[in-house]
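The values are calculated or read from the model by the stated rules, or taken from the named source; none is laboratory data. Remember, predicted model here, so these are calculated numbers, not experimental data. Quick reminder, even Gly has a Cβ in these numbers, built from the backbone with ideal geometry, and neighbours come from all protein chains shown.
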């Protein structure tokens, strides 16, 4: 993959600036490095800024984008898989063709663009554009260029995935939203005040007075008019390859993705983990906040140990260390945000503690959480992940990871592989690397949990945990 193919984030399309701002705030968990809004009307204007959505006030955005000049707004939150600290604003969405750039230290304003795009997912343009261009230009910008050259229908036919892609073109009166045929990344259609809108997750609608209409159909193009109506054109037949990590980790606990509740999946994952890893000597069941809470409570219920569930850790805010652009950023986020509740030293002394986590990728969170626990003079720690081993070398000898929208490229420093990456670590070697007894949910166990919640295993992309390439 290219050196900076990096945008795996959250997006929305709405018909008022207020709605776009509100929707994207509810998608902040999908990215925190940078935000951006495109205003669509007689002209296409953009603002991008560093940090979270609330780093810029809505009142000030109204001054930059007067309501009478625009009819539709596209917004985006971003995280990067390969951080370019010196070019955060350049890499942030919306990406554009044409326009006049007004650059400041912490934000950029673009005036009178020819076309703009926002995107959730990751697209490999190898063989489509010259290798050097693929290496140097963001995949979203390449998608926009391809659309301008070939049109939206050819883009969908020629580029398999992974994308939910929204495009505004000043030559056209409608905003286009495309979801690839495999549906790796989520997207949904909603209605607010009689006008149709788009968001990566329906939590953006539920919390802001909009109603969910449907998940975006795979292989379809939605055309949103300036009046708020839409039309849909089905280009390709769906071939389901949904990203399981959307339910295990990325999605908001109250979202429904591809008609399956995130909360239901995590409940079933907790139950299945309990069936695989039920130990008699556990005194305390806890979790590494915040995502695994549902599964941890489900685990405690399934094992008949509700009374052993305890909130051991807390975070100062909902920032996800996983979304940091660099290793240093991720480590800083962990150590500045994760703490033990007061009095844990007394409560946990001489206890055996089970910590449940959503996944173990690089091991940063796991190591630090256990480091905090060990200060309490506990008897023993068990660490359990309800996601199977991520980043293994598959039976086909191909390095696993994600090239479709999650910050886990195959060449990453996964804890389940040796430091030189040439082989998978044994269970004992993983325990040694993490300095704790570790259990990973089995692949079969995870699939069974999804099936109990209503999702067929063959409809999931499981490449990062040893499965086949979703597009082959």
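A count restricted to the range 430-472 and to residues that are in a helix (DSSP H, G or I) and touching a residue at least 60 places away in the same chain (Cβ under 8 Å) stands at 14. Here the condition is being modelled with pLDDT of 95 or more, in a loop (DSSP other than H, G, I, E, B) and in contact with a helix residue (DSSP H, G or I) (Cβ under 9 Å, 6 or more places away or on another chain); of 278, 254, 248, it holds for 254 alone. Of all residues in the range 228-243, exactly one satisfies the criterion of being crowded, with 24+ Cβ neighbours inside 10 Å and in a loop (DSSP other than H, G, I, E, B), namely 241. In the range 290-311, the residues that are within 22 Å of residue 254 (Cα to Cα) and assigned by TED's automatic domain parsing to the domain that holds residue 272 form Cβ pairs under 7 Å with partners that are at pLDDT below 95 and assigned to a loop (DSSP other than H, G, I, E, B), at six or more places apart or across chains, as follows: 290/318.
Specify the residue that is farthest from the chain's Cα centre (by Cα); the eligible residues are those in the range 161-187 that are in a strand (DSSP E or B), touching a residue at least 60 places away in the same chain (Cβ under 8 Å) and under 29 Å from residue 244 (Cβ atoms). Of everything passing the filter in the range 161-187, 177 is farthest from the chain's Cα centre (by Cα).
Rundown of residues vs (1) within 16 Å of residue 359 (Cβ to Cβ); (2) assigned by TED's automatic domain parsing to the domain that holds residue 289; (3) free of Cβ contacts under 8 Å to residues at least 24 places away in the same chain, yes/no style:
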residue: 235; (1), (2), (3): no, no, no
residue: 245; (1), (2), (3): yes, no, no
residue: 250; (1), (2), (3): yes, no, no
residue: 254; (1), (2), (3): no, no, no
residue: 257; (1), (2), (3): no, no, no
residue: 271; (1), (2), (3): no, yes, no
residue: 275; (1), (2), (3): no, yes, no
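Condition (residue is more than 16 Å from residue 117 (Cα to Cα), at pLDDT 95 or above and in contact with a helix residue (DSSP H, G or I) (Cβ under 7 Å, 6 or more places away or on another chain)) applied to the range 72-88: is it met by at least one residue? No, the range 72-88 has no match at all. Quick check on my filter: what residues within the range 97-117 are closer than 22 Å to residue 166 by Cβ, part of a loop (DSSP other than H, G, I, E, B) and in contact with a helix residue (DSSP H, G or I) (Cβ under 9 Å, 6 or more places away or on another chain)? Scanning the range 97-117 gives a single hit, 114. When the range 193-233 is limited to residues that are free of Cβ contacts under 8 Å to residues at least 40 places away in the same chain and within 21 Å of the chain's Cα centre (by Cα), the one that is farthest from residue 170 (Cα to Cα) turns out to be 214.
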